[in-house]
Structures are given as C-alpha cells and as structure tokens.
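Contents: one structure, followed by commentary.
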Amino acid sequence: MPWVTRGLRNGVLTTRYPKRPDGYGANWRGAVSVRPDGAGRPPVTDGLCPTGAIRPGATPHGLAGGPVGGPVLDRGKCILCGRCVAERPDVFSFDSSAEVAALTRPGLVVPPTEESEAALATVRAELSRRVAALRKSVHVRHVDAGSDGSEEWEVAALLGPVYDVHRLGVFFTASPRHADLLLVTGAGCTGMAGPLLTTYEAMPDPRVVMAVGTDAISGGIVRSGDTGPGGVGEIVPVDVWVPGSPPSPFSVLHGILLAVGLLPAKRGPA
Amino acid sequence: MTNHVPGTGQARAAGDDLWDETEVGVGEFAATVISGLGGTAERPTGGRFAGLFGSARTDGTVWLRAAIARLGRLEVVSCLVPPAPPGGQAAYRGLTPDVPGAAWYERELADMFGLVPEGHQRVDPLVLPRDAQTPPPRPGSAGPRAEIVPDESALPAHVTGEGVFTLPYGPVRSGVFESVQYLIETPGEDIPHVRARVYHKHRGTERRFEGMTPADGVLLAERVEGVASVAHALAFCQALEAVASGPGGGERAMVPEGALLVRALHAELERIANHLDSVLRHTEAAGQAVANARLGWHKERVMRLRSQLCGHRFGRGVVVPGGVSGPPALAPSAALDELMGLDADVVSDTRHLMATSSFVDRLRGTGVITPEVAARRGALGPVGRASGLEEDLRTYRPYAAYGLIEVPEHRYRGSGDALARQLVRLEEVRGSFQICRSALESLAGRPANGPWAVAVAPADGTAWGWAEAPQGELLYMVETEGGRLRRVKPRSASFHNLSLFPEAFGGDIFTDFAFIEASFGLSIAGVAG
C-alpha cells in the first residue's frame with residue numbers, strides 16, 4: 001500500500017479539543033486537590049510531601065472552599081507522585097482534568113484564596129490586552145532550560161496527528177524573531193539562564209512566556225530543599241504556569257490556548 | 001574494605017553474586033583496571049570498561065571506582081585518592097591513555113571532584129566548567145551545596161586546519177529538542193570534527209540524592225533521564241534491593257514475581273516508545289510526512305497504553321523499592337488487545353518505511369561506527385549492537401522478569417551505520433512486544449491483591465544496580481548510610497554513547513547531522529547530570 005492510501009487508512013485521528021471535551025484529556029490525573037470537608041479529620045503531618053508542596057495547617061481565614069487551618073497544596077511544587085493521595089485519601093484527591101494551567105503563580109495554590117482570585121482578574125485583563133493580536137495565529141519558540149527530557153516529548157506530541165495544533169493556528173518556529181510565545185521547560189539551571197534570556201530578548205513584543213512543567217515552575221524534586229535551580233520564573237517573566245511532571249500534551253495545549261485567550265468562553269477561567 | 005565505607009563487608013556478601021569489589025592502592029589502580037579489561041589465564045575474554053565513579057568524603061579523600069562489565073557480573077576496582085597536598089591538586093594515574101572510553105569519565109571527575117588524571121591528554125571541562133576560584137561540588141562529601149554558575153571562559157577554543165571554522169549549533173536549537181551545543185568544525189559542507197557541550201543543562205541531580213530516603217530517591221531517579229524513567233527507577237531500586245531485606249538489611253530482597261513481571265512490562269513499553277521516538281526523528285528529518293504522522297500516532301498509543309496501565313505516561317510511580325506500587329490498572333486482556341493491534345500497525349508501517357528507498361538512502365552508509373571503534377570504546381545499547389556487539393543486560397546480567405520470560409535473541413548483525421541502528425531498534429521493538437505479551441499473559445492469571453512489594457531496609461555500604469535502558473546499559477552506584485542515601489551516581493548509556501558521537505562523522509556532511517543524532521537516540525538530561 002503506498003503512503004498516500006496508508007495515510008487515509010484510519011480516518012481522522014485528531015482530537016476535537018478544545019471545541020469538544022476529549023475523553024482521554026478529561027480523565028487525566030492532572031492535579032491534586034485538597035478536599036473541602038475537613039471536620040474532625042486529623043491534621044496532616046509535616047514531611048508528607050517529597051517536594052514540600054504541602055504546608056499543613058496553613059489555610060488562613062477567608063478561604064473559598066477550604067477549612068480554616070487545613071493544609072495548603074502548591075501545585076507548582078507538586079510532582080504528582082500521589083503519595084499524599086495514597087496516605088491521606090481523606091484530605092487529598094486527584095483531579096480528573098488536564099486543564100491545570102494558571103495565569104498567576106499563587107493561582108496554583110489550592111484551596112484558592114479570595115485575594116488570589118481578585119489578583120487573577122487584573123492579570124487576565126492585562127494579558128488579554130497584550131495578546132489581542134495573536135488570536136488568529138501564534139508562533140511558539142520552545143527552550144529547554146534544564147528539563148529531564150520528558151517535557152520535550154509531550155510538547156513535540158502537539159505537532160503529531162492526535163493533537164495537531166496547526167488546526168488551531170499554533171505553529172512552532174525556529175527563530176525567536178518570529179515567535180510570540182516562549183514555551184520554557186526545565187528547572188532553569190544556571191547554564192541555560194544566558195541562552196534563555198537571549199532568546200527572550202530576541203522576541204518582538206507582544207510576547208508571552210509559558211513555564212511548562214513543575215520543574216519549570218519551581219524546580220520540582222530537582223530543587224529538593226534549599227538548593228538547585230528553582231524554576232524559570234527567576235530568569236524570565238512568566239505569564240502562564242502549567243504544572244505537571246511532565247504535563248500531558250492536553251495540559252500544554254490548554255496552557256497555550258489560555259495564554260492567547262483562545263479557550264471557548266463556556267470553559268471559564270482556569 | 002576499610003572503615004571509610006561502613007558496613008561494606010556485609011553488603012558485599014549479599015551482592016556477591018552480582019558484583020565484586022577489589023580495593024587497591026591509588027598507585028596500582030590504573031594497572032589493575034587495565035589488566036582487568038584485558039584477558040587473563042583465568043578469564044580468557046576481556047571485560048568492557050563500563051564507567052568510572054567517584055564519591056567524596058569529608059576528610060578530602062575521594063573513593064574512585066572503575067566498573068568492568070563481564071558476562072553475568074560486574075567487577076569493581078576501587079581505590080582511595082588522598083586529599084590534595086597544600087597548594088596542589090589531588091591526582092591519580094589516568095586511565096584514558098590506555099582506555100579511550102574513560103576520557104569523558106575523567107573529565108567529569110575533574111569537574112565534580114577536582115581530581116587530576118595524570119597522563120590524560122586534554123582534561124577539558126565537560127559537565128561543569130568552573131573558574132579557578134570555584135571549588136568543585138565533591139558529591140558525597142556533604143559539603144556546601146551552593147549552585148555553581150558554569151564559566152564558559154574555562155573552555156578552550158581550538159580549530160584545526162586551513163579554512164576550517166567552528167559552527168556552534170545550540171544550546172537553543174531549531175525544533176523541540178533538549179538543550180545541547182554541538183561545535184561543528186567545518187570547512188563548509190563536510191564535517192571533519194564535532195564536539196558536544198553538555199554543561200548548559202547540568203542540574204546537579206547527583207547531589208540532590210544525598211540525604212534522601214530511598215522512597216524519595218526513586219522519584220528523583222525517575223527524573224534523571226525522564227524518557228527512561230522506568231529503567232532508572234529499576235536500576236536504582238535493584239541496587240537497594242541487592243543489599244536490603246529485613247530490619248537490618250544485608251540480604252537480597254525477594255521481590256514478588258508479579259512485581260517482576262510488571263517491571264518488565266513497563267520497561268519494554270518504555271523501550272518501544274523510545275525506539276519509536278528515534279524512528280520518528282528520522283522520518284521528520286527525511287520529510288516523510290505520512291510515515292511521521294503514522295508513527296507519531298503509534299507512539300501516542302504506546303504512551304496512552306502506559307498511562308492506562310499505571311496512571312502516568314512515562315511509567316513513573318510504578319517501580320518502588322521492593323517491588324511495584326500495584327497491579328496494572330487496566331485488565332491484562334484489554335491491554336493485550338491494544339498491544340496486538342499496535343504491534344500489527346507498527347510492523348506494517350515500519351516495514352513499508354524500510355522499503356521506501358528515498359528514506360533508506362538517507363541512512364545507508366551515514367554515521368558509521370566501525371566494529372573496531374565500537375569494541376574499543378564499549379558502545380552501549382542499539383549503537384553497540386548495530387556495530388556487531390552482542391551485549392544486552394537482559395540476557396547478560398538478567399534482572400526483573402527477564403529470567404522468567406524469554407528475551408528474543410538479537411539476530412541482526414549490523415554494519416554500524418544509521419541504517420543498522422534503525423534496523424536494530426525495529427528488531428528490538430518486535431522483541432519488546434513479544435515480552436510485553438508474555439508478561440501480560442502471565443499476569444492475567446494472578447490475583448490482583450498481590451503481594452506486589454516487600455519491605456526494604458538498605459544495609460549501610462555501596463551497592464550496584466543496572467538495567468538495559470532503551471539507550472543501553474544503565475548503571476547506578478548507590479551508597480547508603482543509616483537507611484538514607486549518602487551518594488548516588490547514575491551513569492546513563494547516553495553519557496557513554498555521546499562520547500562516541502564524534503567518531504560517527506567520517507565523510508558525512510551537514511544534512512546527515514540530524515540522522516546521525518537521531519540514530520544515537522540519546523537524552524541530554526542523562527548526560528549533563
């Protein structure tokens with residue numbers, strides 16, 4: 001069978017996301033949440049989380065959804081190992097969704113606070129103004145700033161037939177001069193700070209920066225304590241944060257669409 | 001062993017059938033390693049140089065260990081390098097003049113420990129260029145853990161030949177790639193020489209292991225080389241299990257058979273995904289759009305099957321010290337159905353691809369690693385097998401369920417070019433499907449309630465673990481103390497094979513570069529550390 005008929009053999013394999021929800025993406029274990037009902041449950045012990053994403057009893061007054069004095073989980077540090085869910089299923093649970101990107105760093109902390117929600121509205125409005133020109137077509141430049149190599153697979157998968165981001169007007173470009181969106185993976189190690197900054201500075205305005213993966217947000221387990229690279233936010237100004245270790249291709253795609261305001265309105269804010 | 005490595009005697013007793021360690025003085029170190037690599041009356045066949053590992057102590061000394069791979073076991077030669085004399089540098093007789101494969105290891109040791117290998121021609125910085133004032137990080141010594149900023153001025157610049165210039169390619173490259181810089185020395189179109197600079201993405205992972213619990217360590221091991229997470233978790237856990245069982249440790253842990261099967265299943269799915277990724281890079285470079293789309297779909301199906309089996313697309317969280325985290329989340333029969341369909345599609349498409357002359361012509365004769373070079377440098381994994389080396393740890397030093405399941409023999413004997421490496425990978429993909437099928441069939445009849453893991457309490461001392469990662473032999477040196485990790489050194493096949501990369505450029509031109517790189521199938525994260 002020649003290639004041309006081979007290519008037609010299995011019909012359209014491409015997801016309909018974001019127009020329609022995708023079964024695989026919707027069932028993805030994309031994030032950990034703190035269960036709201038905390039009456040009478042024993043407190044969470046220190047040291048439960050290998051990356052220090054959980055602060056026991058840190059919730060202040062005025063939280064939306066969380067109990068006072070309950071634990072706080074920073075998805076920007078969470079590597080989704082699932083230890084907290086396995087050990088304390090009464091407190092933590094996996095979220096079945098790949099839509100985990102956020103527009104602010106505090107927006108990754110659950111349960112969310114009212115202040116972070118208010119700040120988010122300002123950030124969203126500012127970003128929306130900035131990216132107005134990019135909605136029909138956005139060119140992405142990827143830079144690895146010290147990843148473990150898995151994020152690159154998930155980003156590259158977006159160009160394959162299953163995710164096919166070209167249908168959404170998203171293109172990857174080699175030259176930062178042509179790029180609107182800087183997609184950064186990896187923990188932001190010192191050796192990549194210079195090349196990353198050079199790439200960022202070579203991009204024309206308006207430009208948007210995405211930190212893809214928990215490593216890129218906080219250094220993840222590579223940071224482990226007080227040392228090690230602490231995320232790319234220390235090098236370039238980040239607009240969109242996509243947690244995951246690594247984030248699934250749907251999560252990366254959701255982040256791109258969130259960045260340029262291409263998510264259908266009914267899906268609401270992230 | 002001396003008291004510098006506490007409890008090693010006990011540990012060695014348990015791991016004795018897997019490795020043995022000979023301690024020599026620093027003066028005899030090089031000679032002992034070199035004679036171990038050559039054939040002797042007792043051992044007619046020579047060993048293969050598998051790496052050089054360092055571990056610093058707080059008193060300024062450094063344990064140096066050379067690993068020699070043999071059929072069925074690992075031989076380790078160790079010595080204690082004394083601290084640097086005042087105003088001088090710690091030194092030992094380098095292996096590189098006699099063992100060419102040691103060149104990169106000795107450069108890495110110089111970066112990380114400040115050790116000087118006497119006799120080494122050029123100890124250029126590799127993973128961490130430092131200026132003269134910055135002390136080395138000395139992993140294992142629990143010293144200051146401040147981050148070191150790589151200093152590019154510590155790197156020599158050199159170009160040889162008339163009309164030759166250096167083209168720096170990277171670290172930010174065109175496309176979605178890991179960061180690495182290739183310095184291509186060229187008069188225009190030919191590539192007479194290439195050098196790789198990997199330090200840009202040095203993350204200092206080795207030092208992060210220090211002080212971790214084994215349970216946390218496996219999470220980090222999975223992220224040392226993210227595309228080979230399962231192999232890294234396996235090698236790391238197997239090292240701990242070799243010397244760990246019961247409350248005090250010192251005995252080999254008896255990992256349940258079901259867990260061994262699950263480990264093999266995930267390791268083989270990882271191999272399929274990695275090999276398909278390598279093929280994908282070839283088709284992309286060759287502009288084979290339909291083949292690229294088809295294989296991209298197949299790879300995504302493998303990733304989805306993995307996530308359905310364990311909840312993670314890279315199989316993270318499956319392997320834990322003592323076993324696996326649980327039974328496959330997908331019923332073996334359902335997984336088998338998906339696997340069979342995938343197998344048929346992959347075989348059909350890759351067979352057609354290898355019959356597409358516009359594709360095959362790009363690979364034939366490209367990037368040749370001759371059998372002599374491969375043998376001399378100890379090329380690992382598919383790169384070695386494509387150049388006539390047979391070694392595969394799954395049969396040479398079996399682990400996981402490879403003693404229970406038959407591992408298909410490598411029949412292909414390659415000619416050392418990119419085409420040979422491609423054919424080796426495709427043969428291995430078919431073999432991996434077969435192993436997955438056997439593992440799933442064997443798992444189908446087992447109760448889901450396990451047991452899936454045993455408790456593991458590592459004994460103090462040094463242990464070795466290994467796995468045949470998709471890239472080739474992966475080694476872990478793990479030192480434990482008081483139930484915690486004191487020093488962990490992963491040695492990925494990517495590190496070893498990238499040092500061979502310049503050898504593949506004999507008469508190749510610029511447009512061959514993408515194919516040669518893809519045919520090596522390496523991950524830079526595993527090289528830079």
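Taken together, the values in this text are just the output of simple stated rules run on the coordinates, not laboratory data. Nothing here was measured: the structure is a model prediction, and the numbers come from that model. Using ideal geometry, Cβ is built from the backbone for each residue, glycine included, and neighbour counts are taken over all protein chains shown.
A compact table of results
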read-out: Sequence ranges B:324-333, B:220-229, B:78-87, ranked by mean other-Cβ count within 10 angstrom, highest first; value: B:220-229, B:324-333, B:78-87
read-out: Total lysine pairs whose alpha carbons fall under 24 Å of each other in the protein assembly as shown (8 or more apart, or interchain); value: 5
read-out: Cβ neighbours within 10 Å from other chains - mean over A:158-169; value: 3
read-out: Neighbouring partner chain Cβ atoms per residue of B:165-174, average, 10 Å criterion; value: 3
read-out: Folded to 0 to 90 degrees: helix A:249-259 orientation relative to chain A principal axis, Cα; value: 90
read-out: Alpha-carbon Debye profile of chain B, log10 I(q)/I(0) at 0.07, 0.09 Å⁻¹; value: -0.37, -0.63
read-out: For the protein assembly as shown, fraction of C-alpha pairs farther apart than 36 Å, in %; value: 42
read-out: Contact order relative to length of chain B, as percent, for alpha carbon pairs under 8 angstrom and 6 or more apart; value: 19
read-out: At most 10 other Cβ within 10 Å, DSSP loop - trypsin sites (Lys or Arg not before Pro), region B:385-454; value: B:Arg411
read-out: Leading residue at positive end of dipole, the protein assembly as shown (Cβ point charges), from B:Ile509, A:Thr198, A:Tyr163; value: A:Tyr163
read-out: In region B:95-202, GluC sites (Glu not before Pro) in a DSSP loop with at most 13 other beta-carbon atoms within 10 Å; value: B:Glu162, B:Glu189
read-out: Sites B:Arg446 and B:Glu162 - FRET efficiency at Förster radius 41 Å, r taken between beta-carbons, to 0.05; value: 0.05
read-out: Shape category assigned to region A:143-270 from the gyration tensor of Cα positions, a/c cut at 1.5; value: prolate
read-out: Fewest-first sequence of A:Thr173, B:Thr213 by Cβ atoms within 10 Å of each Cβ; value: B:Thr213, A:Thr173
read-out: The protein assembly as shown - charge dipole about Cα centre, Lys and Arg +1 at Cβ, Asp and Glu -1, debye rounded to 20; value: 1780
read-out: Ascending count of other beta-carbon atoms within 10 Å, so fewest first, for B:Val255, A:Val184, B:Val347; value: B:Val347, B:Val255, A:Val184
read-out: Local electrostatic count at B:Ala455 - Lys and Arg +1, Asp and Glu -1, tallied over other residues with Cβ under 14 Å; value: -1
read-out: Within chain A: Cβ-based charge dipole about Cα centre, in debye rounded to nearest 20 (Lys, Arg +1; Asp, Glu -1); value: 1000
read-out: Residues B:Arg376 and B:Ser348, FRET efficiency given R0 of 51 Å [Cβ-Cβ distance, rounded to 0.05]; value: 0.85
read-out: Chain A - convex hull of the alpha-carbon atoms, volume per residue in Å³; value: 141
read-out: Ranking of A:Asp74, A:Asp215 by count of other Cβ atoms within 10 Å, fewest first; value: A:Asp74, A:Asp215
